[in-house]
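**Student:** Take this structure first; my questions come after.
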Amino acid sequence: VLIDGKGDIGNDSMLDILQKIKGERKLYVVNLSDTLSSCTYNPFKGANATIAKDMLVSLTTWSEEHYKANTERYIQRLARVLIQSKIPLSFDSLIEHFSDESLAALSKELHINGVISKEEHAHTLEIIDACYSIARDAAARFATMQESEIGSLLTKDGIDVYTSIEENAILLFVLNPLIYPELTTLFGRLVLADCKKAVSKLFTDHKERVFFVFDEINTYVSYSLINLLNKSRSANVTCICATQSLSALDTAGVDSFRKQVIENCTNSIVPRQNEPANAEEWAKVFGT
């Protein structure tokens, strides 16, 4: 599984090289630089309600814990009701049924059909009453991605990270920060969350070694990357991170982020450093 944060699809690009060396293995390409020829993608495939909630919430930053907590509560209930209603989780289905009217109607139908109890239906209505006015604002952010040029790539039948691993395939995400700077960040974070979902399943599946390659990580970096670096080893996953410099890691907005990346990477390959401070820091890491 590879993420190319540059958007290059020409000669000697990651896409070009993979097409030459893939052999008989299937290659899926989710391509923001060429959406017409891209595979479709569904990061929510196989997710439970809690995972789906975490994936959506990770797409945005939150100024107040109060807003985040209420939005999490609403999205988790929505995802649970969709699963109980036998509606496949996808970006489209989550946005389509996000309104309070739709969620209430689905819950009522489940109660009428005997799938859930009267008490559980009442609890859903309580969550709607308490949380929807806050969660509605967050829904606008999610809808922005769905309504964008890359929204057509997010379908219920799309590939996801775990399925590609199951097939022993190669899955490449080509992001494009030049054309879609904000959407690239959101999309990249969605992929990182999908990688975490896959790792959680690999803990019990004991697959052959899997490689995650994260190129130009400053384009889409988030704290989810740290979780992948320090927890994926037990799932027989090797993470390879590439960035132009240590300074690029500071874009995560967390003071300790670059330190945690260094601490969690067993091996480092360091080309020439043009920034003296970065050269000094690497010298201290290796010991001079």
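**Student:** Span-like helices, the chain: DSSP H, alpha-carbon axial extent 30 Å or more, mean Kyte-Doolittle -0.5 or greater, which ones?
**Tutor:** 118-146, 181-205
**Student:** So which aspartates and glutamates can LYS207 reach, going by Cα to Cα under 13 Å and dropping same-chain residues fewer than 8 places off?
**Tutor:** LYS207 reaches GLU166, GLU167.
**Student:** For the cross-link pairs LYS6/LYS197; LYS259/LYS284; LYS6/LYS53; LYS68/LYS197, which exceed 18 Å when the distance is taken from alpha carbon to alpha carbon?
**Tutor:** Going by Cα-Cα distance, LYS6/LYS197; LYS6/LYS53; LYS68/LYS197 fall outside the 18 Å limit.
**Student:** Evaluate the distance, in nm, between pseudo-label points positioned 7 Å from the Cα of ASP129 and of GLU263 along their respective Cα→Cβ axes.
**Tutor:** Result for the modelled spin labels: 4.6 nm.
**Student:** Also, I was wondering about something else. LYS108: which aspartates and glutamates have alpha carbons under 20 Å from its alpha carbon, excluding same-chain residues fewer than 8 sequence positions away?
**Tutor:** Within the straight-line cut-off, LYS108 pairs with GLU96, ASP100, GLU119, GLU120, GLU126, ASP129.
**Student:** Here is a further query. Multiply the residue separation of GLU65 and GLU96 by 0.36 nm, subtract the distance between their alpha-carbon atoms, and state the gained length in nm to one decimal.
**Tutor:** Length gained between GLU65 and GLU96: 8.6 nm.
**Student:** Per residue, what accessible area does the chain have, given a 1.4 Å probe and all protein chains present, in Å²?
**Tutor:** That works out to 50 Å² per residue.
**Student:** ³J(HN,Hα) across region 169-178 via Karplus (A = 6.51, B = -1.76, C = 1.60, θ = phi - 60°), whole Hz, x for Gly/Pro?
**Tutor:** 9, 10, 10, 10, 9, 9, 8, 9, x, 6
**Student:** Then there is this: Return the carbon/sulfur percentage of the accessible area of the chain, one whole number, probe 1.4 Å, all protein chains in place.
**Tutor:** 49 percent
**Student:** Please report the net charge: other residues with Cβ closer than 12 Å to the Cβ of VAL237, K and R +1, D and E -1.
**Tutor:** Every neighbour counted, the sum reads +4.
The values are calculated or read from the model by the stated rules, or taken from the named source; none is laboratory data. Computed from a predicted structure; not experimentally measured. When we count neighbours, we look across all protein chains shown, and the Cβ atoms used for this are built from the backbone with ideal geometry, even at glycine. In case anyone asks, the SASA skips ligands and DNA or RNA and just uses the protein heavy atoms, side chains included. Shrake-Rupley method; radii C 1.70, N 1.55, O 1.52, S 1.80 Å.
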